[in-house]
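This report concerns only the one structure given below.
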Amino acid sequence: MGVRYLIKLISIAGTHIYIFASLLNLKASEKFIAAFLEDTAKLKIKPATLHPKATEHMGEIIDIVKKLEEKGIAYNVDGNVFFEVKKFDEYGKLSGKNVDDLESGARVEVNDEKNNPLDFALWKRAKENEPYWESPWGKGRPGWHIECSAMSMKHLGESIDIHMGGSDLIFPHHENEVAQSEACTGKEFVNYWIHFGFLNIRDEKMSKSLGNFYTAREIVNRFSPEVIRLFLSQSHYAGPLNFSEELLKSAQSGLNKITGVAKAVMSGIKANNTAGNKVDFDFDKFYKLFEDAMDDDLNTPKAVASIFDFVKAFNKTVAENKDINVEFYQKAKEFLDKTAEGVLGIIDYSEEKSESAGLDNELMELFIKLRKEAKADKNYALADKIRDELKEIGIELKDSKEGTSWNKI
């Protein structure tokens, strides 16, 4: 069950969309929230039970800041309330950073109001034309870190089992969450942390300035959710994820093999041959391979490998045996449902949808190839005509140093 939650909880990254948008109080924020939920739904990510907003938890936020102030761990300077890092002895335990080293070596914004440059804001005095809320310290708004602690404590309790996020959030965000939460409650804030690696595009950091920026919507318009999920599952969550169209196409080829077995399974079940021959097939071995992989720190690459091992053994069994009893196909479907679909979410039994996605990619590769050949022949009129007419039917071509990509618009 682990990776089911791993993949679904990737949507927690969207929490910061809610926090940021709700604090800005812009009408446009609802548009971006809706777009985020639409994209995650297309990727077969189930919505969280609750999507809390910082604006709905000002009371809880203020209560925590007040408690920290009463304990002498927070101090108020003209409406700005800071957490005093040196009052929390375990500061740095999550990131492994040393407070003295941070003070002497880290580049920290100078702020004469702070007792220590590492102290972080729990409550900020409102500036002109900024949104604000009334508080014991005057008009202001919460700091970046305190919102997460307040919403977590409100809905999950003072201690939680699993907290997830990108590795870039370990310090200072998650470190500060730990400090303010544990200083407030005196309890362990999180039992297990899961931090994701960075996303790279062809071994380079994804960046608009480098021209290698893709949105989730662009990718999901070109590749099925199942392909994308298989692609993601083939890298360990803690390591860097290298993205390229070639790797997605490779995932598509791998998925075709799994889908081929799924189709054979459904055909075997439909035939319902109850009088056929029973075959010797060790389903338990493949279950154990899959479960052991998931128990090994959610090792999804190994879990995926166990499914491909199953695919190979399944095809071999079908090729070597005729007139197979329906029970074999029923057990095979149960295996796929519990692993490839129930955990990884990479099977879609809809034959039409799967074949249509593959055909789209093949046709577009053909158009791109023809356009490239036209350019090579200096037939720029034809190259432009291919580009413009594709755009008229809702397909945009993008040229870059890495080649030409396409996206539905």
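The values are calculated or read from the model by the stated rules, or taken from the named source; none is laboratory data. This structure is a prediction, so every number in the text was calculated from the model and none was measured. In this analysis, Cβ positions are derived from the backbone assuming ideal geometry, glycine residues included, and neighbour counts consider all displayed protein chains. Quick note on the areas: whole protein, heavy atoms, side chains included, nothing else; ligands and nucleic acids left out. Shrake-Rupley method; radii C 1.70, N 1.55, O 1.52, S 1.80 Å.
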Subject >> Complete set of residues in the range 264-296 that are touching a residue at least 40 places away in the same chain (Cβ under 8 Å) and under 29 Å from the mean Cα position of the chain (by Cα) >> reply: F286, Y287, F290, M294, D295
Original post:
Pairs under 9 Å by beta carbon, first residue in contact (Cβ under 8 Å) with a residue 40 or more places away in the chain and within 15 Å of S405 (Cα to Cα) in the range 363-387, partner open to solvent by less than 90 Å² (accessible area, probe 1.4 Å) and in a helix (DSSP H, G or I), six or more apart or different chains?
Top reply: M364/R222; M364/L390
Original post:
How about the range 349-366: which of its residues are at pLDDT 70 or above and either buried (at least 18 other Cβ atoms within 10 Å of the Cβ) or among the β-branched types (V, I, T) (or both)?
Top reply: M364
Original post:
Which residue pairs have Cβ atoms under 6 Å apart, sit 6 or more places apart or on different chains, and have a first residue in the range 73-98 that is assigned to a loop (DSSP other than H, G, I, E, B) and a second that is surrounded by 20 or more Cβ atoms within 10 Å (Cβ to Cβ) and aromatic (F, W, Y)?
Top reply: G79/W137
Original post:
If you take the residues in the range 112-162 that are of a type in the set (S, T, Y) and assigned to a loop (DSSP other than H, G, I, E, B), which one is modelled with the lowest pLDDT?
Top reply: Y132
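Here is a yes/no grid of residues against (1) in contact with a Gly (Cβ under 6 Å, 6 or more places away or on another chain); (2) within 22 Å of N272 (Cβ to Cβ); (3) in a helix (DSSP H, G or I); (4) open to solvent by 30 Å² or more (accessible area, probe 1.4 Å):
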| site | (1), (2), (3), (4) |
| --- | --- |
| V304 | no, no, yes, no |
| F310 | no, no, yes, no |
| K316 | no, no, yes, yes |
| K322 | no, yes, no, yes |
| F328 | no, yes, yes, no |
Original post:
Based on what the data block shows, is S95 out of contact with any strand residue (DSSP E or B) (no Cβ under 9 Å at 6 or more places or on another chain), open to solvent by 30 Å² or more (accessible area, probe 1.4 Å) and hydroxyl-bearing (S, T, Y)?
Top reply: yes
Subject >> Candidate set from the range 49-72 (those that are free of Cβ contacts under 8 Å to residues at least 40 places away in the same chain and either open to solvent by less than 70 Å² (accessible area, probe 1.4 Å) or assigned to a loop (DSSP other than H, G, I, E, B) (or both)); member that is nearest to E341 (Cα to Cα) >> reply: T49
Original post:
What number of residues within the range 167-193 satisfy the criterion of being open to solvent by less than 20 Å² (accessible area, probe 1.4 Å) and under 19 Å from the mean Cα position of the chain (by Cα)?
Top reply: 2
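Quick check: anything in the range 185-202 closer than 30 Å to E84 by Cβ and either of a type in the set (S, T, Y) or assigned to a helix (DSSP H, G or I) (or both)?
Pass one, the range 185-202, residues closer than 30 Å to E84 by Cβ: 185-195.
Next, from what is left, pick out any that are either of a type in the set (S, T, Y) or assigned to a helix (DSSP H, G or I) (or both): 185, 192.
So far as the range 185-202 goes, yes, one or more of its residues are closer than 30 Å to E84 by Cβ and either of a type in the set (S, T, Y) or assigned to a helix (DSSP H, G or I) (or both).
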**OP:** Read through the list (1) of a type outside the set (D, E); (2) touching a Lys or Arg at 6+ places or on another chain (Cβ under 8 Å); (3) open to solvent by less than 30 Å² (accessible area, probe 1.4 Å), then give the number of the only condition that N221 fails.
**Re:** (3)
